[in-house]
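The values are calculated or read from the model by the stated rules, or taken from the named source; none is laboratory data. Note that the structure is predicted; figures quoted are calculated from it, not measured. In this analysis, Cβ positions are derived from the backbone assuming ideal geometry, glycine residues included, and neighbour counts consider all displayed protein chains. The protein model used for the area step is the full one, side chains on, heavy atoms only, and it has no ligands, DNA or RNA in it. Shrake-Rupley method; radii C 1.70, N 1.55, O 1.52, S 1.80 Å.
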Amino acid sequence: MAGLSTTLVSLGPRVTLQTLDPTAVTEAPPEVRAVGVFVTVLLVGGAYLWQFGPVVDRSVASSRARPLRSAAYGVAAHVVILFAVFYLGARLSQFELLGRNTAVLGLVFGVVVVILVAALGFTVVGTAIVELGWGGTPWAGLVVGASIASAIAVAASTPAGALWVAVVSVGIGGAVRKWLHASTVQEVRQA
């Protein structure tokens, strides 16, 4: 059965899904994880601030308005993302591209979405902390958010993973809540 799963998800002659094992990240030295996460959140969060600054500002405001509800909506968003990744992986596993199975595309899609969502969540939480404490700029909040992410990444454990999801959920939940309710109000008005 193990041989079957290896051949089903092979990317090429020498690259398999086992090569993309997530334990490679969790078993990396804590300093490497911390630096990698810090730089990733800085780059992606910086791109958000540079390109979509007002979206980040609105996300901060909506997350600060109702942090517990934001956390609940953020957890729900995580569940939807996980479902989409697993569904996409299952659907793509039925196809071949250049003689290779395409199920790994679902995993790659999932990793990219998780990085984008996490960077936004930590940027929003960092910016909210800076606004509450010092009244600084969102760029300072980006550094605080990246620092929080790297501190959590040092401890590769289940509680650290839960803390990661909780912080990101608070960061993205306000925007998700506003988006869901805004689209619902528009649908009701159109009906």
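Data for the structure
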item	result
Per-residue HN-Hα couplings for the stretch 80-90 [Karplus 6.51, -1.76, 1.60; θ = phi - 60°; Hz; x = Gly/Pro]	5, 4, 4, 4, 4, 5, 5, 5, 4, x, 5
Gap separating the Cα centres of the stretch 115-146 and the stretch 154-169, nearest whole Å	17
Linear extension gain, residue 100 paired with residue 61, 0.36 nm per residue minus alpha-carbon span	9.4 nm
List 52, 38, ordered by accessible area with a 1.4 Å probe, largest first	52, 38
At R0 = 41 Å, FRET efficiency that the Cβ-Cβ distance of residue 132 and residue 87 yields, to 0.05	0.60
Local net charge near residue 135, Cβ-Cβ under 15 Å (Lys/Arg +1, Asp/Glu -1)	-1
Difference of contour (0.36 nm per residue) and Cα-Cα distance, residue 113 to residue 39	25.0 nm
Accessible surface, 1.4 Å probe, highest first, among residues 88, 43, 163, 49	43, 163, 88, 49
Amide H within-cut-off set for residue 101, under 5 Å, with H built and near neighbours excluded	10
At R0 = 30 Å, FRET efficiency that the Cβ-Cβ distance of residue 154 and residue 180 yields, to 0.05	0.35
Residue order for 50, 139, 179, 164 - accessible surface, 1.4 angstrom probe, largest first	50, 179, 139, 164
